[in-house]
């Protein structure tokens with residue numbers, strides 16, 4: 001699992017650490033990549049630079065996961 005995100009949306013500051021913690025509780029990890037420069041955003045692999053979540057190398061969503069939605073994702077994919 002990989003998440004590319006930026007501070008463009010204020011909700012990422014709240015939810016990114018929460019889903020990282022949820023991943024740990026499920027015995028897995030999520031690699032986080034905060035996009036902080038224009039160049040990083042332009043070279044990001046996702047279609048949306050404020051939040052792009054990938055699983056097994058495939059784009060999943062640009063919707064910011066709440067903890068409950070992320071746990072549902074984990075339960076169906078782990």
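The values are calculated or read from the model by the stated rules, or taken from the named source; none is laboratory data. Note that the structure is a prediction, hence the values are computed from the model and not measured. So basically every Cβ, Gly included, is an ideal-geometry build from the backbone, and we count neighbours across all protein chains shown.
Any idea which of 42, 21 is out of contact with any strand residue (DSSP E or B) (no Cβ under 9 Å at 6 or more places or on another chain) and modelled with pLDDT of 95 or more?
Selected residue: 21, the only one of 42, 21 that is out of contact with any strand residue (DSSP E or B) (no Cβ under 9 Å at 6 or more places or on another chain) and modelled with pLDDT of 95 or more.
Could you count how many residues in region 31-58 are more than 10 Å from the chain's Cα centre (by Cα) and under 17 Å from residue 16 (Cα atoms)?
Qualifying residue count, region 31-58: 5.
Answer yes or no as to whether residue 25 is more than 13 Å from the chain's Cα centre (by Cα) and more than 16 Å from residue 8 (Cα to Cα). First the steps, then the outcome.
Details: more than 13 Å from the chain's Cα centre (by Cα): yes; more than 16 Å from residue 8 (Cα to Cα): yes.
Yes.
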